[in-house]
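Single-structure report; data block below.
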Amino acid sequence: MRTKTLIVTAIALLTGCSNTRVVQSRYVIQTEAAVSECSYVWQQGDYWEFLAWALLDDISSADVLAITAGYTPEALPEPGTEISIPIPEEYEDPARKRMEAARLIRTATEIRETDRNQCMELLTEASEKDSSWSVPVTNITVMLLEDGRADEALELLGPICYKNTPALIMAGIAWRNGDTDIALRHLSEALISASPRPEALAAAGIALSVTGDRERAGNIIRRLLDNPEAPSELRILVMQYALMLAEE
C-alpha cells in the first residue's frame with residue numbers, strides 16, 4: 001500500500017509540473033561558422049528568457065541570444081524594434097508563429113486558476129497557431145487529466161507520444177490504469193535525453209524498483225539525487241521509497 005501511494009505521488013508530480021516545461025524544439029543556435037539569421041520584431045512584454053524558452057527550448061541560452069542579437073543581457077529592445085536572431089532564415093515565419101503561441105500560453109498560465117475555460121481556449125488557440133509545438137497540447141492534457149478525462153488526454157497525446165513530455169504523461173496514465181509494460185515503455189521514451197526531467201527519473205526509478213529491476217532503478221535514482229536542480233520534494237520522495245525498500 002505504501003509503495004502504491006508513493007508511485008501515485010510520483011505520477012502526480014510528473015503531470016503537475018508539465019505546464020512549466022517544454023519539449024525539444026526544432027530551433028537551434030547556429031555555430032560561428034553559420035551566418036544564417038532571421039528577423040524578429042520585438043513585442044511588448046518580451047524578454048530574452050522568454051524568447052530562449054520558446055524558440056530554443058533552453059532558458060540558459062538567453063544571454064547568448066541577447067549577445068548575438070547585438071544587446072547586452074540586461075538590455076531589452078524597444079517594442080517594434082526589428083532584431084536578428086540566430087535561427088535559419090527559412091524559419092522566420094515559424095518563429096513568429098511560435099512566439100504568438102508562446103504569448104497565448106503565458107496568458108493562459110496567468111488565468112489558469114481563475115478562469116479554466118478561457119485558459120483552455122487560449123491553449124487550444126496556441127496549438128492551432130503552432131501545430132508543431134507540443135507545449136500547448138501537453139498543457140491541455142494536464143487539465144484534462146485534472147478533470148478526469150484521461151481518454152481525451154490519450155487521444156490528444158497520441159500523435160506526439162514520441163516526445164519526452166507527452167511520453168512522461170502517457171506513462172502516468174498507463175501506470176494508473178495498471179498497464180505496467182506500457183508505462184515502462186513510455187518512461188524509457190521520456191528518459192531519451194541528455195538531461196532527463198527529474199520527474200521522469202523519479203517515476204522511472206520507483207517503477208523499475210517495483211517491477212524488480214532494482215539495479216537499473218538504483219542507477220536512475222542516483223542520477224536524480226546527483227542533480228542539484230531536482231526539486232526537493234522529488235528527492236524526499238525517492239529517499240522515502242529507498243528507506244521503505246530497505247525495510248522490506
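Phi-derived couplings, Karplus 6.51 cos²θ - 1.76 cosθ + 1.60 at θ = phi - 60°, listed residue by residue for the stretch 78-83: 6, x, x, 6, 8, 10 Hz, with x used for Gly and Pro.
Oblate is the label for the stretch 159-248. Its Cα gyration tensor axes, ordered a ≥ b ≥ c, give a/c of at least 1.5 and b/c at or above a/b. Eigen-decomposition of the gyration tensor built on the alpha-carbon atoms of the stretch 98-248 gives equivalent ellipsoid semi-axes of 31, 16, 14 angstrom, largest listed first. Multiplying the residue separation of E100 and S131 by 0.36 nm and removing their Cα-Cα distance gives an extension gain of 10.0 nm.
A full extension of the chain between N177 and A75 corresponds to an added length of 31.7 nm, given 0.36 nm per residue minus the alpha carbon distance. Kirkwood radius for the stretch 30-161, taken over all pairs of different Cα atoms as the inverse mean of 1/r, rounds to 16.0 Å. When Rg and the Kirkwood radius Rh are both evaluated on Cα atoms of the stretch 74-137, their ratio Rg/Rh stands at 1.06.
Sorting the segments 58-66, 163-171 by their mean number of nearby beta carbons within 10 angstrom, highest to lowest, gives 163-171, 58-66.
Remark on C38: its backbone amide H falls under 5 Å from those of I85, I87, a criterion applied only to residues 5 or more positions apart or on other chains, H modelled at 1.01 Å from N. Restricting the stretch 69-156 to trypsin sites (Lys or Arg not before Pro) that sit in a DSSP loop and have at most 15 other Cβ atoms within 10 Å of their own Cβ leaves R149. When you filter the chymotrypsin sites (Phe, Trp or Tyr not before Pro) in the stretch 65-167 for DSSP loop state and at most 11 other Cβ atoms inside 10 Å of their Cβ, you are left with Y162. Distance between the pseudo-spin-label points of Q240 and S60 (7 Å out from Cα toward the beta carbon): 3.0 nm.
Read-outs: derived from the displayed coordinates by stated rules, not from any lab. Keep in mind the model is a prediction, meaning the values are calculated, not measured. Here the Cβ is made from the backbone with ideal geometry for all residues, glycine too, and neighbour counts use every protein chain on show.
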